[in-house]
Amino acid sequence: MPLDFLKRRGASDTGTQPLGPTSAASAALPEEVVAQEYQLKLHYAGKSSEGVRMKAGPNAMAELPSMLVGLSKSEIEVVEPLPIEFSQATPVISHPSEAMQWLNAHHVHGPITRHALVVLESIDAIDLAFDTFVCSLLDGEIDTSGYPEYNAIVGGVASHWDETTGDMVVRAVVGWGGRGVRGDTDRLGARIVAGLLTNVLASQYSLGITTTERPVPAAGRGGLVCAHCGFESAHERAFYCPKCGMRLLRG
Ligand SMILES: [Zn+2]
């Protein structure tokens with residue numbers, strides 16, 4: 001009955017009336033509008049410890065994954081700082097350019113690490129302009145596609161180079177979240193952070209807890225190219241290469 005349909009539509013000149021089965025009978029606005037409700041509550045949370053200062057050097061860097069030993073429940077992945085071409089990378093799908101950068105940077109990682117990056121970047125617990133992030137599943141379950149459930153705890157350690165001394169600073173970082181919250185996740189997360197911090201402090205390179213602030217993220221122009229490893233930093237004020245920790249030479 002296409003003609004019927006067109007007539008009805010023409011009669012309603014607001015063009016906003018729903019054309020469902022009852023629309024012919026209720027062309028006028030009802031006294032009380034019944035709205036269907038839709039919502040999605042996403043809950044992301046995380047915890048980070050104080051930083052531990054480490055004797056700098058490539059050996060300390062290579063030891064980062066071992067700080068998750070005894071706590072990791074999956075393969076341990078290392079995510080290196082992102083170079084300048086990924087400086088806009090953001091895990092927000094409605095921003096296609098930033099989302100494409102993010103996917104290009106992280107599609108190589110497994111689902112646990114990608115989930116951890118979404119959670120921890122969304123809550124600003126890590127910043128890949130200067131952090132090296134070592135990640136694993138730490139508690140809870142994964143779904144059939146390999147992605148952590150909302151109450152699974154993911155993370156490990158994040159390290160950056162102290163811009164004043166060039167020392168490596170390592171902190172424990174964990175996160176969780178998704179479509180749900182469970183009461184005991186926070187307490188479990190705190191316990192895991194304590195366990196990770198114990199491992200970090202037990203490292204032979206540990207010099208103890210430091211109060212150094214994390215570096216300030218770049219405003220966007222980008223910094224220098226590392227003469228040592230070729231890494232082009234997105235962190236414009238970096239004094240030490242975010243990737244290899246060598247001193248950046250100013251031109
Ligand atoms: Zn470098």
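Dividing the Cα radius of gyration of the stretch 61-187 by its Kirkwood radius returns 0.96 for Rg/Rh.
Protein chains only, probe 1.4 Å: how do Cys226, Cys244 rank by accessible area, largest first?
Ranked from most to least accessible, the order is Cys244, Cys226.
Rolling a 1.4 Å probe over the protein chains gives Ser97 an accessible area of about 80 Å².
When Glu75, Glu80 are compared by accessible area of protein heavy atoms, the largest-first order is Glu75, Glu80, using a 1.4 Å probe.
The listed residues Tyr240, Tyr38, Tyr44, once ranked by accessible area (1.4 Å probe) with the largest placed first, stand as Tyr38, Tyr44, Tyr240. In the context of the full protein assembly, Val34 retains an accessible surface of approximately 130 Å², using a probe radius of 1.4 Å and ignoring ligands and nucleic acids. Expressed per residue, the C-alpha convex hull volume of the stretch 143-200 stands at 110 Å³.
Per residue, how much accessible surface does the stretch 89-209 expose to a 1.4 Å probe? Answer in Å², no decimals.
Spelled out: the 1.4 Å probe surface of the stretch 89-209, per residue, equals 41 Å².
Restricting the calculation to alpha carbons of the chain gives Rg and Dmax of 24.6, 82 angstrom.
What percentage of the solvent-accessible surface of the chain, computed with a 1.4 Å probe over protein heavy atoms, is contributed by carbon and sulfur atoms? Ligands and nucleic acids excluded, carbon and sulfur reach 54 percent. Each part reduced to its alpha carbon centroid, the stretch 77-121 and the stretch 135-170 end up 14 Å apart. Solvent-free Debye calculation, one equal scatterer per alpha-carbon of the stretch 115-251: log10 I(q)/I(0) at 0.11, 0.13, 0.18, 0.20 Å⁻¹ equals -0.47, -0.63, -1.02, -1.15. In the chain, helices alone account for a calculated mean residue ellipticity at 222 nm of -6500 deg cm²/dmol, with every DSSP H run of four or more residues adding -39,500 (n - 2.57).
The values are calculated or read from the model by the stated rules, or taken from the named source; none is laboratory data. Worth saying up front: this structure is predicted, and the values here are computed from it rather than measured. Note: accessible area is taken over every heavy atom of the protein model, side chains too, but ligands, DNA and RNA are not part of it. Shrake-Rupley method; radii C 1.70, N 1.55, O 1.52, S 1.80 Å.
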